[in-house]
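Here is the structure we will look at, set down as structure tokens.
Derivation of every value follows stated rules applied to the coordinates shown; laboratory data play no part. Values in this document were obtained by computation on a predicted structure and should not be read as measured data. Neighbour counts are summed over all protein chains in view; Cβ atoms, including those assigned to glycine, are modelled from backbone coordinates with ideal geometry.
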């Protein structure tokens, strides 16, 4: 599938504005087309489905607000940037209240416009590009992002996504950096009850603490130095939709207090205002931090944690699901072949062994960057060790390889042969499940059912251990839960 170039529609009745914006913004990575009336713009939205719209509030045949409402009827998730020559125009403010992405004053600052447009296009991608599960069929004519993995740990994640999507509740996603928390949030949104509404993603760690509160809740003119006009915040803008707050553990205590009120009764005030606003927004939050430790250090509100922790999904790090690495490598090679114009067909066994045996502290994001690096440096149709970063190769050289005893390998081989002879399907999952049951039973027996010590021995998190226990045989589950954890965990 060929990657499509994002498309921008500019609707303005001034020919010089249309010409200037089209010439300034069009590039190899952005197609720009224009309309001089509201009717023409609405028809373009209907037929051509742009990825973002720049809309003037004063048009010859219809008010900008009416045009915005018509566009929202066609696609409520389409980001619309409202532009106006009138600083105090109520139309622009009303459009923001109804869900416009941003409004900017003429004459337009091209640098600011480009920044806002980049954010709008990214929001459109997050909203419209589907997040597919591992076994979903990939369509040929639309872009998708795939959640890759068939390991028992990921099968549990898929089940949790399905449960969370079917209920309109707050979700907390836990996981190390690079494990795919944003992709899981998008899957919950796209399969959920609010999939036709807006989806706004905010990285709390990427916005200065002094600005995050204004970004989320908005502000009135004069609320602080530099607040030269009213700004509608994300919670007001996303009314009826979903907000994803990434790295919520980086949020200040003051902002946490406002978040607590929103989760309690859906109310907040803009900065500099005493008027209460009601927000109908679903919240999905994520963090790579240990919130329990932060609560103990008085850096995160316990009452907010209780409100966030209505439904929790814990993502396993890549080192705890190495069996998924070949699938991921195959997926990334396919993506980067297309992006870089390469023709890599296979990966050498020693290269795959290195990739599967590494710890991957940066998780899926690091693996993805490594495969892209490898394809850039590949000269043939096979990915070899020479294609990988030198640091990765040297790191691998100092790590002793693990090998199973020959009798253990033969036991697994016998299991595989018996499944084949019995006409079974889904052999990979059945073998892995059988191995998991043996490993879990032996380790848990050795520590008398103490899950904390078992997770340390296995080198996996307690959340992952619990997921594996649930996926194992009932006899193991009863044995595990009938024993108490001696350390109180």
Next item on the list: First measure r as the distance between the Cβ atoms of residue 420 and residue 49, then evaluate 1/(1 + (r/R0)^6) with R0 = 41 Å and state the FRET efficiency to the nearest 0.05.
Entry: 0.30
Check: When the helix-only estimate is applied to the chain (DSSP H runs of n ≥ 4, each -39,500 (n - 2.57), divided by the residue count), what is the mean residue ellipticity at 222 nm, nearest 500 deg cm²/dmol?
Finding: -14500 deg cm²/dmol
Notebook entry, point to check: Computed on alpha carbon atoms, what radius of gyration and Dmax characterise segment 164-265, expressed in Å?
Noted result: 14.5, 43
Margin query: What Kirkwood Rh does segment 254-387 have if only Cα atoms enter the pairwise 1/r average? Answer in Å.
Written below: 18.7 Å
Notebook entry, point to check: How do 322-335, 277-290 rank on mean C-beta neighbours within 10 Å, highest first?
Noted result: 277-290, 322-335
Check: What ranking, highest mean first, results for peptides 108-115, 179-186 when packing means the other Cβ atoms within 10 Å averaged over each residue?
Finding: 179-186, 108-115
Notebook entry, point to check: When the convex hull of the Cα atoms of segment 343-387 is projected onto a plane and the area is averaged over all directions, what value comes out in nm²?
Noted result: 3.0 nm²
Notebook entry, point to check: Pulled fully out, how much extra length does the chain show between residue 293 and residue 372, if you take 0.36 nm times their separation in residues and subtract their Cα-Cα distance?
Noted result: 24.8 nm
Notebook entry, point to check: Any idea what % of Cα-Cα pairs in segment 193-330 are farther than 18 Å?
Noted result: 60 percent
Notebook entry, point to check: Over the Cα atoms of segment 218-262, Rg to Rh with Kirkwood Rh, two decimal places?
Noted result: 1.01
Check: Considering the alpha-carbon set of segment 319-397 alone, what are its Rg and its Dmax in angstrom?
Finding: 11.4, 33
Check: In percent, what relative contact order does segment 189-330 have, based on Cα pairs under 8 Å that are 6 or more apart in sequence?
Finding: 23 percent
Note to self: Report the per residue volume, in Å³, of the convex hull enclosing the C-alpha atoms of the chain.
What the structure shows: 183 Å³
Notebook entry, point to check: Once the Cα gyration tensor of segment 7-112 is diagonalised, what are the square roots of 5 times its eigenvalues, in whole Å and ordered largest first, as equivalent ellipsoid semi-axes?
Noted result: 18, 17, 13
